[in-house]
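The values are calculated or read from the model by the stated rules, or taken from the named source; none is laboratory data. If you're wondering where the values come from, they're calculated on a predicted model, not measured in any experiment. Because the Cβ atoms are built from the backbone with ideal geometry, glycine has one as well, and the counts that use them run over all protein chains shown. These area figures cover heavy atoms from the full protein model, side chains too; ligands, DNA and RNA do not enter into them. Shrake-Rupley method; radii C 1.70, N 1.55, O 1.52, S 1.80 Å.
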Amino acid sequence: MVSLQINGEVRTVDAPPDMPLLWVLRDILGLTGTKFGCGIAQCGACTVHVNGAPVRSCLLPIGSVGDRAVTTIEGIGASAVGARVQKAWLDLEVVQCGYCQSGQIMSATALLNSTAHPEDSDIDAAMAGNICRCGTYVRIRAAIKHAAQT
Amino acid sequence: MNDSSPTGRAGRYTLIGIVAILAVVLIGLLWMGVLAPHPMDFAGGTRVALTEYHAQDPTGVPAELKSASLIEQGEYLARAADCAACHTADGGVPFAGGRAFVLPFGTLYSTNITPDKETGIGNYSDANFLEAVHKGIGRDHTRLYPAMPFASYTYMTTADAAAIKAYLFSLAPVHAPAPQNTLSFPFNQRSLMGVWALLFNPDKRFEPRTERDPQWNRGAYLVEAMAHCGECHTPRNLMQALNNREKFAGAVQAGWRAYNITSDPKSGIGAWSEAALAQYLATGHADGRGAATGPMGEAVDNSLQYMTQTDIAAMVTYVRSVSGIASSDLPEPKASPAPASHAEGVAANSDPRGKAVYAGACASCHDWTGVSPVIPSATLTGVRSVNDPTATNVVQVILSGSHRQAADTRATMPAFGSAYSDEEIASLANYVTARFGAQPSAVSAQNIAALRAQN
């Protein structure tokens, strides 16, 4: 049994410690907002926060999470910055198919938490690992700047 | 014809020239062969035959396996000797051979050592097997190439070699003819390897040192006769034999750099703690020192992870006793993480392509600091390969990734060789060494192409 702090709640799961967090979130806890994309930390669709930092949950073994706080897309709206990012996404109609957008919002929120007014190069560095096959990058960049101003 | 005639003088000078050249060659061969130190000579002390050594036997299996069957003992010893590393093709049946060794003068393939009578070693008697392991002579009297480390295995006891044979003969026979070697002349002349063996194979069994404790002697046996660490980590001479004057000082093997594992504190492992060395050997990762990838990762997966704790401790004791030799091109690894901000740490005017590739393909696992938020073995801080200004192993791991099989690790890195061009990989390697290492590399697309050719 492994105990995890997820979105402010303690969740205990019967899973081996080397199981990736993403599997636990989706298959055991039913938190399916976090998506499986590539499974090798190359696309960013599975991004969650661990103590506020963006982490690819597809490779993160639950045994190494310890008592650090995990936040998923289901819980990100509870923070002021997360809520602002979600609103900016809606205001600018960022989403096309939507599959990658949970990860995009998680990475964007982490960026604004560490850099309140990011320049283009900051956005490049923070968001380059989150890919979008619909090509919404232009709207993502605009929405991050929009969220930073609101 | 008069001796003082010009042709007579020329003939004499030619003769003197030939004699002089032969003398130089002879002195060279003596220097590299008979006069060269053997792998354990650095230790000095009194050598005694194993039968004359009355402390705990340094050979054989560890205490836990003393009462196991011969086949189980042989399995442990075959793992200790890492036979599978070479005698298994990529994705092939273990021990069925066929792994290619791409050499400057052609390609050599490992042989099938399953007990298949036609294509394996099914017809080998114990004596045949010993001839191969100790002397590099096949059952049909052909000479083996020293890619088979018989100059190391020669230190193995007859009993341990017999146990390994018993284990190999317990496996299912696999019909797998070895692919034809494609070596060029004169390297395709196997009989020349007899001369090589005469010069460079000591053909001696392990002799303990009475001044050293049993743990050191056990470590010496495991490291030299079994794990054959020196076959990669000791530089070779002109004749491709190990040059033990520079024992464990590091060498490039199959396109990867086997680093300096002498006790030099800056370029070797002198600053590693015993616990870190033991953790690295047993799991392929040590905190603050990085993860084994490439051929060393395979050595952990196939061999070292199965060794008992006491055997690992013995190997650590022995390796640490090797005196330090500095590698002048290897700086002391930078022990502190890179800045958290992408904007700091590497000069802003450096090649932007390396940073762009890093941001998209690498930062999710390795972070901008080099401290992985995902798995400890992906942390780059303090790792030798990023502190190597040739960036050899950084390039190799980018090209082919890391596919570790050890039971308790999930240290997988995708291969990027087919995703990026030589130019992109060169920029990336230079960015990585500049950001996380003590001294940046300056590799070019040509360097990457050359390393690709070795894969």
Query raised in the report: Which one of the conditions (1) within 11 Å of chain B (Cβ to nearest Cβ); (2) touching a Lys or Arg at 6+ places or on another chain (Cβ under 7 Å) does A:SER121 fail to meet, given that it meets all the rest?
Result: (2)
Report task. May I ask you to list the residues in region B:374-388 that are open to solvent by 10 Å² or more (accessible area, probe 1.4 Å), over 9 Å from B:ASP287 (Cα atoms), away from chain A (no Cβ under 11 Å) and assigned to a loop (DSSP other than H, G, I, E, B)? Result -> B:LEU380, B:THR381, B:VAL383, B:ARG384
Query raised in the report: When only residues in region A:125-139 that are open to solvent by 10 Å² or more (accessible area, probe 1.4 Å) and away from chain B (no Cβ under 11 Å) count, which is nearest to A:ALA83 (Cα to Cα)?
Result: A:ARG139
Requested in this report: Tell me which of these B:GLY401 doesn't satisfy, since it passes every other one: (1) outside the structural domain of B:GLU246 (by TED's automatic domain parsing); (2) touching a Pro at 6+ places or on another chain (Cβ under 7 Å); (3) in contact (Cβ under 8 Å) with a residue 60 or more places away in the chain; (4) not acidic (Asp, Glu).
Outcome: (3)
Report summary line: Expected single match for under 26 Å from B:GLU344 (Cβ atoms) and touching a residue at least 24 places away in the same chain (Cβ under 8 Å) among A:ALA142, A:ALA108, A:ALA125 is A:ALA108
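Residue by residue, here is whether (1) in the same structural domain as B:ILE375 (by TED's automatic domain parsing); (2) among the charged types (D, E, K, R); (3) touching a Cys at 6+ places or on another chain (Cβ under 7 Å) holds:
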{"site": "B:SER273", "(1), (2), (3)": "no, no, no"}
{"site": "B:LEU277", "(1), (2), (3)": "no, no, no"}
{"site": "B:GLY290", "(1), (2), (3)": "no, no, no"}
{"site": "B:PRO295", "(1), (2), (3)": "no, no, yes"}
{"site": "B:GLU298", "(1), (2), (3)": "no, yes, no"}
{"site": "B:LEU304", "(1), (2), (3)": "no, no, no"}
{"site": "B:MET307", "(1), (2), (3)": "no, no, no"}
{"site": "B:VAL316", "(1), (2), (3)": "no, no, no"}
{"site": "B:SER328", "(1), (2), (3)": "no, no, no"}
Report task. Find the residue count for region B:100-118, including only residues that are open to solvent by 30 Å² or more (accessible area, probe 1.4 Å) and at pLDDT 95 or above. Result -> 4
Query raised in the report: Since A:ARG68 meets every condition but one in (1) more than 9 Å from chain B (Cβ to nearest Cβ); (2) over 17 Å from A:LEU4 (Cα atoms), which condition does it not meet?
Result: (2)
Report summary line: Of those in region A:30-54 that are among the aliphatic types (A, V, I, L, M) and more than 10 Å from chain B (Cβ to nearest Cβ), the residue farthest from the chain's Cα centre (by Cα) is A:LEU31
Query raised in the report: Could you count how many residues in region B:342-360 are within 22 Å of A:GLY44 (Cβ to Cβ) and touching a helix residue (DSSP H, G or I) at 6+ places or on another chain (Cβ under 8 Å)?
Result: 9
Query raised in the report: Counting only residues that are touching a Gly at 6+ places or on another chain (Cβ under 9 Å) and either charged (D, E, K, R) or under 19 Å from B:ASP301 (Cβ atoms) (or both), how many does region B:91-105 have?
Result: 6
Query raised in the report: Can you find even one residue in region B:130-149 that is of a type in the set (Phe, Trp, Tyr) and either buried (at least 21 other Cβ atoms within 10 Å of the Cβ) or not assigned by TED's automatic domain parsing to the domain that holds B:ARG99 (or both)?
Result: no
Requested in this report: Have a look at B:ALA434, B:ALA406, B:ALA391 and point out the one that is of a type in the set (A, V, I, L, M), within 24 Å of B:HIS285 (Cα to Cα) and within 14 Å of another protein chain (Cβ to nearest Cβ).
Outcome: B:ALA406
Report summary line: Of (1) under 14 Å from the mean Cα position of the chain (by Cα); (2) within 14 Å of chain B (Cβ to nearest Cβ); (3) open to solvent by 30 Å² or more (accessible area, probe 1.4 Å), A:LEU21 fails just (3)
Requested in this report: Just one of (1) within 12 Å of chain A (Cβ to nearest Cβ); (2) among the acidic types (Asp, Glu); (3) not in a loop (DSSP other than H, G, I, E, B) trips up B:GLU344, so point out which.
Outcome: (3)
Requested in this report: Would you confirm whether any residue within region A:43-52 is open to solvent by 10 Å² or more (accessible area, probe 1.4 Å), farther than 16 Å from A:MET127 by Cα and touching a Cys at 6+ places or on another chain (Cβ under 9 Å)?
Outcome: no
Query - region A:113-124, residues that are under 16 Å from the mean Cα position of the chain (by Cα) and open to solvent by 10 Å² or more (accessible area, probe 1.4 Å) - result: A:ASN113, A:SER114
Query - Selection from region B:319-341 of residues that are open to solvent by less than 50 Å² (accessible area, probe 1.4 Å) and within 14 Å of chain A (Cβ to nearest Cβ) - result: B:ALA338, B:PRO339, B:SER341
Query raised in the report: If you check A:SER79, A:SER57, which single one turns out to be within 12 Å of chain B (Cβ to nearest Cβ) and at pLDDT 95 or above?
Result: A:SER57
Report summary line: B:ASN349 vs (1) within 13 Å of chain A (Cβ to nearest Cβ); (2) without any contact (Cβ under 8 Å) to a residue 60 or more places away in the chain; (3) open to solvent by 20 Å² or more (accessible area, probe 1.4 Å): all pass except (1)
Query raised in the report: Say we look at region A:92-112 and pick out the residues that are within 12 Å of another protein chain (Cβ to nearest Cβ) and not aliphatic (A, V, I, L, M); which of these is surrounded by the most Cβ atoms within 10 Å (Cβ to Cβ)?
Result: A:GLY103
Requested in this report: State yes or no: is B:ARG47 modelled with pLDDT of 85 or more and open to solvent by 60 Å² or more (accessible area, probe 1.4 Å)?
Outcome: yes
Query raised in the report: Residue check: is B:ALA363 assigned to a helix (DSSP H, G or I) and either facing chain A (nearest Cβ under 9 Å) or open to solvent by 10 Å² or more (accessible area, probe 1.4 Å) (or both)?
Result: yes
